[in-house]
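So the structure is just underneath, and the comments pick up after that.
The values are calculated or read from the model by the stated rules, or taken from the named source; none is laboratory data. Given the structure is predicted, the values throughout are model-derived calculations rather than measurements. Keep in mind that these areas ignore ligands, DNA and RNA; they rest on the heavy atoms of the full protein, side chains included. Shrake-Rupley method; radii C 1.70, N 1.55, O 1.52, S 1.80 Å.
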Amino acid sequence: MSAARRNLARKMLRAIGNPYDRFREDRLRLLRAVRFGTTLGFDLDGATWRAVCENAQHINEVSAERIREELVKIFLSPRRVRGFDLLDESGLLAATLPEVEALKGCEQPPQFHPRGRCLCPHPHHARPAAGRGLGAAGFLCAIPRYRQAGGPSPWTRTGAFASAATTSSAQR
């Protein structure tokens, strides 16, 4: 059995060759590794995962539109909670959506967060009053409302991301 078939059988994602070289060749592969791990339910090989984490800050070398496309695919996946966790743990979440990072530790009203303080603002921790999970898409939609309510609003690349996320190329 070939190494590729063994990796598939073990549900393991492994970069071909040196993962640092692969991610240097195309920075979008950082998000794609998380997306494939999320949507396929695969684990990332140790060397591949380390390369993703160590190169996360370089994701902003990619256009906001391409980043948006990968994030949407992750957040619309049935395994989006795992995707959100992988983005957070790798540093890709902080690099692409720093406002989400700023939400960590924010006080939450009990009807939306039973613990009162959300130490890690994952979409599966938030819930509307009806008791259903807010979900990643609803969580991300809440960021502008949070910023309007006085949350931090640094001018970051996320502003470009948010613009690209809500404006089609025909509207620009």
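Tell me which residues come under 5 Å, amide H to amide H, from L44 once H is placed; ignore anything under 5 positions away on its chain.
When sequence neighbours closer than 5 places are left aside, the close amide H contacts are L13.
Using a 1.4 Å probe on the protein heavy atoms, what percent of the accessible area of region 16-86 belongs to carbon and sulfur?
Details: 1740 of 3360 Å².
On region 16-86, the fraction of accessible area on carbon and sulfur atoms equals 52 percent.
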